[in-house]
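Since every read-out is calculated from the coordinates, none of them should be taken as a lab result. Quick caveat: nothing in here was measured; it's all calculated off a predicted structure. Cβ: placed from backbone, ideal geometry, glycine included. Neighbour counts: every protein chain shown.
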Amino acid sequence: MSQKQNILQNKLPKHIAIIMDGNGRWAKGKGKFRIFGHQNGVKAVRETTEACAELGVKYLTLYAFSTENWSRPKEEINALMELLVSTIRKETPTLMKNGIRLQSIGNKEDLPAKCRKELEESIKETEQNTRMTLILALSYSAKWDIVNSVKEIAKQVSLGLVKPEEIDENIINNHLSTAAYPHPELMIRTSGEQRISNFLLWEIAYSELYFSSKLWPDFTKEDLFEAVINYQNRERRFGKTSEQMAQSV
Ligand code: IPE
Ligand code: IPE
Ligand code: MG
């Protein structure tokens with residue numbers, strides 16, 4: 001029986017972020033090359049995207065390639081970039097059919113031209129879709145994003161457009177690549193690793209963290225539902241006491 005019916009619509013996270021980890025170990029466990037794991041990870045991307053759309057989650061951010069991942073063997077990087085191009089091409093009609101808008105965060109300049117082109121075309125084609133926004137983090141790292149934000153703000157200060165004493169959380173937030181999206185209430189990482197690996201450091205200041213021991217290619221819709229139920233059973237206090245939270249509802 002699906003866990004979906006146990007999910008409370010009035011406590012649904014607006015934004016879920018996922019660190020899709022464990023593709024390499026999944027493939028190795030089957031005696032295959034790492035890229036076989038990445039290829040099989042696409043199915044889990046489809047499953048989680050569908051699950052979020054079905055539930056009514058408005059934003060889903062998937063960590064697909066980090067700044068640090070550029071240090072992997074050249075063959076793995078090339079294969080990943082090829083997979084990205086073919087997946088975006090293949091999946092765009094499904095995004096259109098399901099009303100999903102594609103967006104990306106990260107340093108697009110670093111991506112091979114073919115990859116950037118495919119990504120930009122799909123972003124353009126899906127830009128009017130309103131049911132859900134799927135954000136791919138590509139050549140992304142949170143520190144990279146924060147450094148860029150600081151540079152932009154420093155420029156404005158040097159031009160006299162912003163006074164140093166005016167810099168607040170909103171100004172920093174508005175210069176991040178995630179400025180247009182709400183912060184994720186729930187962050188999931190698969191593969192049993194319990195670390196953030198330079199993902200959305202600013203935005204997850206108050207996110208609930210959920211670690212699944214499943215390797216990413218094995219992650220299903222039901223696993224996503226389970227994570228949401230786990231999230232819904234938590235008390236988010238934002239620094240207050242439990243008693244204060246009870247009074248405010
Ligand atoms: C996650 O799986 C996908 C990417 C980082 C691109 P990994 O490739 O990190 O798989 P493991 O962690 O080595 O098993
Ligand atoms: C994080 O996974 C990046 C992505 C999922 C894209 P990694 O496998 O690269 O992270 P570490 O090296 O285990 O921290
Ligand atoms: Mg990994």
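Just to be sure I understand: with springs between alpha-carbon atoms less than 10 Å apart, which residue in 99, 41, 239 has the highest mean-square fluctuation in the Gaussian network model of the chain?
With Cα springs under 10 Å in the chain, the top fluctuation among 99, 41, 239 is at 239.
Counting other beta carbons within 10 Å of each residue's own, what order do 225, 219 fall into, fewest first?
If I rank by nearby Cβ atoms, fewest first, I get 225, 219.
Once every Cα of the chain carries one equal point scatterer and solvent is ignored, give the base-10 log of I(q)/I(0) from the Debye formula at q = 0.07 Å⁻¹, two decimals.
Here log10 of I(q) over I(0) equals -0.25.
How far is the Cα center of segment 201-249 from the Cα center of segment 40-77, in Å?
Result: 19 Å between the Cα centres.
Quick check: the distance between the Cα centres of segment 130-148 and segment 170-185, to the nearest angstrom?
Value for the Cα centre distance between the two parts: 10 Å.
Rank the residues 231, 63 as a footprinting-exposure proxy: fewest other Cβ atoms within 10 Å of their Cβ go first.
Lowest to highest Cβ neighbour count: 231, 63.
Ranking 197, 158, 207 by Cβ neighbours within 10 Å, fewest first, what do you get?
Placing the least packed residue first, the sequence is 158, 197, 207.
Give me the percent relative contact order of the chain, please, defined on Cα pairs under 8 angstrom at least 6 residues apart.
29 percent
What's the Cα-based Rg to Rh of segment 126-249, Rh via Kirkwood?
Rg/Rh: 1.03.
For the chain, what does the helix formula give at 222 nm: sum of -39500 (n - 2.57) over DSSP H segments with n ≥ 4, over the residue count, nearest 500 deg cm²/dmol?
Computed mean residue ellipticity for the chain: -14000 deg cm²/dmol.
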